[in-house]
Structures are given as structure tokens and as C-alpha cells.
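**Student:** Next up is a structure, given as C-alpha cells.
The values are calculated or read from the model by the stated rules, or taken from the named source; none is laboratory data. Just so you know, these numbers come straight off a predicted model, no measurement behind them. Quick reminder, even Gly has a Cβ in these numbers, built from the backbone with ideal geometry, and neighbours come from all protein chains shown. For the accessible areas, the whole protein counts, side chains as well, though only heavy atoms, and no ligand, DNA or RNA atoms are used. Shrake-Rupley method; radii C 1.70, N 1.55, O 1.52, S 1.80 Å.
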Amino acid sequence: MNSRSQAVIRPSATIVKRRCLRSIIALVTFALGLKELTRPFDGTASPVKPMDTSSSVENPCPESDPSPSTTRKTAVVIFTHLISAHPSLDPLMAIYNGTKLYLNGLPEKAPYFITVDGIKDVPKNTEGELFLMESQENRNKYDEYIRRLQIHFKDHDNVKLLIAGKNIGLANNIHRVIENLPPETKYMYLFQHDLPLVREINHTDILVTAEANDKMRLVGFKGEHPIKQPCGDDITSESGIFYRRFKQWTDRNHFVRVDHYIKDILPKVTSVFPEDNMHKPTRLNCTYFAPYYYEAGKGDPYYEHTDASERYGFKLFERVKRGELPYSSLSKVNIMIMKQEGVNITELEKYKNH
């Protein structure tokens, strides 16, 4: 994991002090009659001490838990599948600890779901098949990853592991999560395994604003690409955070109403990735399907793409060079993207017959 990913879990002392102050403010606002009180998000007990990504962060301002209905109102879901870095838990813990550090206001005992998709069978035609597939080596790696997960989270009663017996894809894993949600859960954050948060997000503001605006069904966050094609119907929250709709539906990191997935999204999904089926409805009916983007999609990215699956650019080239992936598995689109990202295609073509 690169140094930038490791930095995700090292908040400054100033940030931690500010979070403790928010805890006091939250108690005051509760006394003034706000609908609910959520705990400040978790930080480290000692903000100046570097932390290993394999361990979980702790709350810098401990306090009594909110009510179960408040605690379970929003779930956090992290989707994983077999990658070359497994059985290491580092990529997962970068995501997990990032949610603890940067989702400001998320209750400490909010329900977490970590899915582990099954390994793909080797198809007859492997062109474009870039995910790791069934082999004894990969099976051993996968089984050890699951064993380490179970050991690490065995004492976390709010964390549930959902392990698929076979490869079912992102959309079906979302189905499984929804089937296992507590009845009190109205919202969920969906995080992919290689998109760690790198900036603070005001969860309390998102939750309060969604509660006050039924039209806010899904909230996206800016990644490495610019957000384009606004379609109006802006919302400014009571605390001044600006939300704007854009015709860019994404299954990358997002906050969403559970019933929106149940009633509106999953019935339309026939692909492995929901966004494959959601772009067209979003263009045709922007005011219903288009996500609101936090802070109108402006400013620096809220997460980074680490490409843990090694499916793009130089990481993909390295897999071919290592002999892990045959050149014949590369599609024309794969090669085009590699060329765009600076890979020497002449050098790549040397591996055609390997």
C-alpha cells in the first residue's frame, strides 16, 4: 500500500481536538431539541502515534452510546473480493479505518458489513477477464484472507462478515447486505475495497439533510475525476453544506437510502456493476435518479483510487510481466487505457507469446 493510503489513518492533534469539541456541541444541540444525537466519528486514542493499518482505530472522545435506533440508522458496507495483496488485511483496513476517521458523526457502534465475493471460475474465453480466477494458489490466498478477517473482527459485535460461496458480483452482494440489515437501518454507505477516504465528510449533516429532504436519495463524493452535467434542484443544508445533482450515477463510494436501492435501483440492474444499468435512467430522469454530490462535487477528492485489483495502467502491465495474466486476456479497451496512461505498448507486445 502506498504512503498516501497509510496517511489515511493518521489524523493530526488539531483534528482530534476539533472532533472532541464537536462531541460537546452535539450534546448542546440535543438539549435544544434536534431529532437525534450521533457520536463523533472515531479517531485514534493517541493522535501523534503512527498506527499500523492492520489494527482498528479507537474513539478519541469516549461517551455513552446513543440509542439503538440512532446507532443503527446508518450502516457502513465494504465490498471486497480476492486481490493480489491478499491475504493481507491492509487494503481493507485502509477503508475501514478511513470510515472511522473521516465520517464525522457516525456512531461508534454503527453496523458494519464486510462482504467477500467468491473466486471467479476460469471461463472458456478469458479476454477482458482481469479479476483473479480459481486456482490452488488463489484458493489458499482467499481462505487465509477469510481466516484473518474472522480473527480480526471476532470481538466486534457490530461487524458482520458476509462471505459468498461463489462469485456473485457487486449487485448481488448488495442484495445480500440489504437482506441482513437491522430493521432500524434506513441509510447505508457503500464503499468499494480500493477507494479509501482521504478527507472528512460530515455524516451528521448528510443524515439531517436527508431526513429533511425526501428527494435526497443518494449522495456521491468527488473522486479523481471532475463531476460534470449538473441538473439543478440544489440543496443547502442548515449548516451551509451545498448539495447539487449531477447526471453522473456511480456505484463508487456513496450514501444512499436503503429503500431507494430496493424499489428503484436493484430492479433495473442486470449487470455485475449497478452503474452499467443506471446511467441511462439518470440521463432520462435526472430529477429522480441523479445523485446529489457532497459540496457540489467541488474541491479536492474525498477518496483515492488505489486500484487494488490491478486492472489499469502500469499495475496491469506489471501483472502481464510477472506472468500472472496472459497477454491474450487483455481487451482492446484495456490496451487503449494502458496506452493513455503511458504504458509502452511496444514493450507490452513482447509478452504476446509468453
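**Student:** Roughly speaking, to the nearest percent, how much of the stretch 75-125's 1.4 Å accessible area is carbon and sulfur? Kindly include the intermediate steps, with their values, before the conclusion.
**Tutor:** Working: 600 of 1230 Å².
Carbon and sulfur atoms account for 49 percent of the accessible area of the stretch 75-125.
**Student:** Round to a whole angstrom and tell me the spacing of the C-alpha centers of the stretch 303-346 and the stretch 109-155.
**Tutor:** One Cα centre to the other: 21 Å.
**Student:** Please give the per residue accessible area of the stretch 254-354, computed with a probe of 1.4 Å over protein heavy atoms only, in Å².
**Tutor:** Numbers: 5280 Å² over 101 residues.
On a per-residue basis, 52 Å².
**Student:** Please list, or write none, the lysines whose alpha carbon is within less than 25 Å of the alpha carbon of LYS247, excluding same-chain residues fewer than 8 places away.
**Tutor:** Cross-link targets: LYS186, LYS215, LYS222, LYS228, LYS263, LYS268, LYS280, LYS298.
**Student:** List the residues, sorted by chain then number, that are 5 or more residues from LEU162 or on another chain and whose placed amide H is less than 5 Å from its amide H.
**Tutor:** Result for LEU162 returns ILE114, THR115, VAL116.
**Student:** If the reach is capped at under 15 angstrom between alpha carbons, list the aspartates and glutamates near LYS332, excluding any in the same chain fewer than eight residues apart.
**Tutor:** Once the sequence-local aspartates and glutamates are set aside, what remains near LYS332 is GLU127, GLU129, GLU341, GLU349.
**Student:** Taking the highest mean first, how do the peptides 341-349, 276-284 order by number of other beta carbon atoms within 10 angstrom per residue?
**Tutor:** On the way: 341-349: 12.2, 276-284: 16.0.
Order by mean packing, descending: 276-284, 341-349.
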